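What follows draws every value from the coordinates through simple rules; no lab data is involved. Because the structure is a prediction, the values reported are computed rather than measured. Note that each Cβ is placed from the backbone with ideal geometry, even for glycine, and that neighbours are counted across all protein chains shown.
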């Protein structure tokens, strides 16, 4: 039976650009905002494109609605990403080491702050802090595996 083998490294494309704000903390935060915001806007663009293809038509109103939704989601995702990246970087600078604990603290603070800003109530703020810490820590551990 024929068999093929894939050899060589597999890597995803790297999208990188730099913005120099004159401060390393601000550089990381703005970079996180822009990159994660682009992911959020891209998600909405893909969903809206799918909906238009499913219906078989597009209107000016639908395109304007999609653009507004992309901007709103991009700004929200960017705020979460920028806050997380900035917090994690700040923890790294304060603690003087780079490890999973920075991700955990950054995720917890980001989850709590985003929940507090959204007025989710005291109990949900704690739950969102725990969720943020868990997701960020899991992501960091997965990153160590690759």
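Quick notes on this one:
- Full-stretch length increase - residue 123, residue 47 - with 0.36 nm per residue and alpha-carbon distance subtracted: 24.2 nm
- Inter-label distance for residue 65 and residue 25, nm, one decimal - labels placed 7 Å from Cα along Cα-to-Cβ: 4.3 nm
- Peptides 72-82, 92-102 ordered by average Cβ neighbours within 10 Å, highest first: 72-82, 92-102
- Where the alpha-carbon atoms of the stretch 16-69 are placed on the principal axes, they occupy 48, 17, 13 Å, in descending order.
- Computing Cα Rg over 2.2 N^0.38 Å for the structure here picks out one of [x] 1.23; [y] 1.00; [z] 1.31, namely [z].
- Centroid-to-centroid, using Cα positions, the stretch 121-146 and the stretch 31-91 are 21 Å apart.
- Gain on full stretching of the segment that runs from residue 98 to residue 72 - 0.36 nm per residue minus C-alpha separation: 6.1 nm
- The chain: most fluctuating residue of 24, 115, 59 per GNM, C-alpha cutoff 10 Å: 59
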